[in-house]
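Below you'll find the structure, written out as structure tokens, and then a few comments.
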Amino acid sequence: MIDSDIKQLNKILYYAKRAFGFVENIDKDKFKSNEDTQWLSVFALIQLGECVTNLSEHTIKEYSQIPWRKMKGFRNQIVHAYDGLDMNLVWDTLNDDMPNLIESISNVLSSLEQ
């Protein structure tokens, strides 16, 4: 794996942890009523998706179990606000997908250190 991919994976892990951290200890109603938390979470998701676009095809293929395309697509949906941004979908992504993504990226990085 090339060094730039390791750097991007570390950034993805950082933004995934940040995004999840913003909502980890609050409920959906609090999230939906707190615009600051929404903005911070969305920013982290955008940055995460942008990092994915900087990964090599080799890394994307090597770790095909990680939903790279979905992550890039969600970033595009947020940035371009296709049909408006659904905060329910953002909430679900943060709570349902981020813990798995954090674990997957952590495992990839751990395996590279060995």
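The values are calculated or read from the model by the stated rules, or taken from the named source; none is laboratory data. Keep in mind it's a predicted model, so treat the numbers as computed, not measured. So basically every Cβ, Gly included, is an ideal-geometry build from the backbone, and we count neighbours across all protein chains shown.
Just wondering, is there one or more residues in segment 18-31 that are loosely packed, with under 14 Cβ neighbours inside 10 Å and closer than 28 Å to Asp5 by Cβ?
The answer is yes, given that some residue of segment 18-31 is loosely packed, with under 14 Cβ neighbours inside 10 Å and closer than 28 Å to Asp5 by Cβ.
For segment 77-97, how many residues are exposed (fewer than 14 other Cβ atoms within 10 Å of the Cβ) and within 17 Å of Tyr15 (Cβ to Cβ)?
1
If you go through segment 68-80 one residue at a time, do you hit one that is touching a Phe, Trp or Tyr at 6+ places or on another chain (Cβ under 6 Å) and among the β-branched types (Val, Ile, Thr)?
Within segment 68-80, none of the residues are touching a Phe, Trp or Tyr at 6+ places or on another chain (Cβ under 6 Å) and among the β-branched types (Val, Ile, Thr).
Every residue in segment 22-46 that is more than 18 Å from Met71 (Cα to Cα) and either in contact (Cβ under 8 Å) with a residue 12 or more places away in the chain or in a helix (DSSP H, G or I) (or both), please.
Those that are more than 18 Å from Met71 (Cα to Cα) and either in contact (Cβ under 8 Å) with a residue 12 or more places away in the chain or in a helix (DSSP H, G or I) (or both): Phe22, Val23, Lys28, Asp29, Lys30, Phe31, Lys32, Ser33, Glu35, Asp36, Thr37.
Taking the condition surrounded by 15 or more Cβ atoms within 10 Å (Cβ to Cβ), of a type in the set (Gly, Ala, Ser) and either more than 20 Å from Pro99 (Cα to Cα) or without any contact (Cβ under 8 Å) to a residue 40 or more places away in the chain (or both), does Gly49 pass?
Yes, satisfied.
For segment 52-71, how many residues are free of Cβ contacts under 8 Å to residues at least 40 places away in the same chain, out of contact with any Lys or Arg (no Cβ under 7 Å at 6 or more places or on another chain) and either more than 18 Å from Ile102 (Cβ to Cβ) or of a type in the set (Ser, Thr, Tyr) (or both)?
Residues meeting the conditions: 5.
Do we find a residue being within 10 Å of the chain's Cα centre (by Cα) and either modelled with pLDDT of 95 or more or of a type in the set (S, T, N, Q) (or both) anywhere in segment 73-92?
Among the residues of segment 73-92, not one is within 10 Å of the chain's Cα centre (by Cα) and either modelled with pLDDT of 95 or more or of a type in the set (S, T, N, Q) (or both), which makes the answer no.
Looking at segment 59-67, can you tell me whether even one residue there is outside any helix (DSSP H, G or I) and loosely packed, with under 12 Cβ neighbours inside 10 Å?
Yes, because at least one residue in segment 59-67 is outside any helix (DSSP H, G or I) and loosely packed, with under 12 Cβ neighbours inside 10 Å.
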